[in-house]
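A.B. asks: Dropping the structure in here first, questions after.
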Amino acid sequence: MDTTHNVIIIGSGPAGLTAAIYNARAELHPLVIAGLEPGGQLMTTSVIENFPGFPDGIEGPVLMQNMIAQAEKFDAKLVYENVVSVDFNQKPYKIKTPGNEYLTKSVIISVGSKPRRLDLESEAKYWGKGVSTCAICDAAFYKGKVVAVIGGGDSAMEEANTITKFAKKVYLIHRKNEFKASKIMQDKTFTNPKIEVIWNTVVNEIVGDMVVTGLTLFNNQTNTESELKVDGMFLAIGHIPSTEIFKDQIELDEVGYIKTPDGVHTSIEGVFVAGEVADPSYRQVITASGMGCKAALEAERYLSHLL
Amino acid sequence: MSTQINETNFTQEVINKKGLVLVDFWAVWCGPCRILGPIIEEVGSEVKDVLIAKINVDENPVLANQFGIRSIPTVILFKDGKPVEQSVGVRSKEDFIAMINRNR
């Protein structure tokens, strides 16, 4: 509370941790507010085969643990808290978490994006009790069970096919009558005997007792409701930038990505951006890391001008 | 120090235990579990009177199923052998200590 940090990095994916490594090596003692899902989206992936320097690939979680260890080695401090609000109206900038309020001269925002949700009350109730956004993490819990996957893109097809390794049946539920997924993924899906597609349908409610037992579906062509018995539901309906907490503080585009003229600076002096939160087009580990490096160097330059 | 719990010693170590037991359901392949592991150990070294227990869901599917575990890491706090509070995903050490204190 009393100390003013040089730089606070919000987010702990490849962008945030690369920034932390650079700023820590520059002896700026960065504080990383790592969130409750530290390591970011890579924590829920398997092998990364396109990160340079690892010819045999490296597991996403291992890569992130290595980045955390590397940042901590140079004296970056990580706290596992979620930011609830920020105040960039006066200096030093204020960042609030449920238990703490931090002051800082500069900020690097690298909060990434998160899986889009349906925003149903029942969805929150059954989160981790049958509702998931990560087949790689949770598919193994559905051995011999029946599962619904919601979505129509490549990731929905991928999740559905992954889950069929465990589940006996997968319903792929999509609100339209065609998929936007690539042809190769669609072919894989249509030829998988365990997958049944339900077209023109949305989820109205998730029902269950201790865990999910079924879905109330709505067919938008016939305008009828129906019940479907499932043991779990996986969402694959895209990603949205995690920027609600910044919306009155910094300029965002219409989707919620942080506006940046050059991929580093934002509408606020001393507040920099890195990774997917400002990059809807590339969304790669290496591009996020590269942006993290740039943001760290800009923050360092900004701080040196303050002295 | 945490106690490894399996289907054989679960009743003795958790159900029949008076007071609080914090149980971490995890698996080797689960990325977030690896982050949570050391946090749970830290909780254990600060709160001496609470037993910290770990259940590998791959080796103990019956226990995972019994408590409706469908995502990991899931942490369940038991009081006098009954589950009283549960959280899914990585949480901070302070969150777990608060969870313990409000269930004392």
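A.B. asks: Quick one: which residues, 5+ away or cross-chain, put their amide H under 5 Å from the amide H of A:ILE108? H built at 1.01 Å from N.
C.D. replies: A:ILE8, A:ILE9, A:ILE10, A:PHE272
A.B. asks: Just round it to a whole percent: the fraction of Cα-Cα distances in the range A:100-184 exceeding 16 Å.
C.D. replies: Roughly 63 percent, rounded to a whole number.
A.B. asks: Quick check: Cα centre of the range A:222-293 to Cα centre of the range A:123-147, how many Å?
C.D. replies: Between the Cα centre of the range A:222-293 and that of the range A:123-147, the gap is 23 Å.
A.B. asks: Could you give the distance between the Cα centres of the range A:1-67 and the range B:1-62, to the whole Å?
C.D. replies: So the separation of the two Cα centres works out to 27 Å.
A.B. asks: Can you tell me what percent of all Cα-Cα pairs in the range A:141-200 are more than 18 Å apart?
C.D. replies: 22
A.B. asks: Can I ask one more? Using bins 10 angstrom wide from zero, how does P(r) for the range A:209-307 break down, in % of all Cα pairs?
C.D. replies: Answer for the range A:209-307: a P(r) of 13, 30, 20, 17, 14, 5, 1 percent.
A.B. asks: Name the residues whose placed amide hydrogens come within less than 5 Å of the amide hydrogen of A:SER85, ignoring near sequence neighbours (fewer than 5 apart) on the same chain.
C.D. replies: Distant-sequence amide H within range of A:SER85: A:LYS96.
A.B. asks: Return the long-range amide H neighbours of B:ALA53 (sequence gap of 5 or more, or a different chain), with a cut-off of under 5 Å between placed amide H atoms.
C.D. replies: B:THR3, B:LEU22, B:VAL23, B:ASP24
A.B. asks: Quick one: pull the percentage of alpha-carbon pairs in the range A:221-270 with a separation above 15 Å.
C.D. replies: 65
A.B. asks: Per the Kirkwood formula on distinct C-alpha pairs, the Rh of chain A is how many angstrom?
C.D. replies: By the Kirkwood definition, the hydrodynamic radius is 20.7 Å.
A.B. asks: Among A:VAL86, A:VAL230, A:VAL255, which one shows the biggest mean-square fluctuation in a GNM of chain A, springs joining Cα atoms closer than 10 Å?
C.D. replies: A:VAL255
A.B. asks: Given A:LYS125/A:LYS188; A:LYS125/A:LYS145; A:LYS129/B:LYS54, which pairs have Cα atoms separated by over 24 Å?
C.D. replies: Exceeds cut-off: A:LYS125/A:LYS188.
A.B. asks: Using all alpha carbons of the range A:117-235, what is the percent of pairwise distances in each 10 Å bin, ordered from the shortest bin to the longest?
C.D. replies: Final binned percentages: 15, 50, 32, 3.
A.B. asks: Work out how far the C-alpha atoms of the range A:1-117 reach from end to end along every principal axis, then list the three figures in whole Å, largest first.
C.D. replies: 47, 38, 20 Å, listed from the longest principal axis down.
A.B. asks: Then there is this: For chain A, what is the mean residue ellipticity at 222 nm derived from helices alone (per DSSP H run of n ≥ 4: -39500 (n - 2.57); sum divided by total residues; nearest 500 deg cm²/dmol)?
C.D. replies: -7500 deg cm²/dmol
A.B. asks: Let me ask something additional. Can you give the direction-averaged projected area of the convex hull of the alpha-carbon atoms in chain B, in nm²?
C.D. replies: Average of the hull's projected areas for chain B equals 5.6 nm².
A.B. asks: Relative contact order (percent) for the range B:1-68, with alpha-carbon contacts under 8 angstrom and 6 or more residues of separation?
C.D. replies: Computed over the range B:1-68, the figure is 49 percent.
Laboratory data are not the source of any read-out in this text; all were calculated from the coordinates shown. Since the structure is predicted, the reported quantities are computational estimates derived from the model, not experimental observations.
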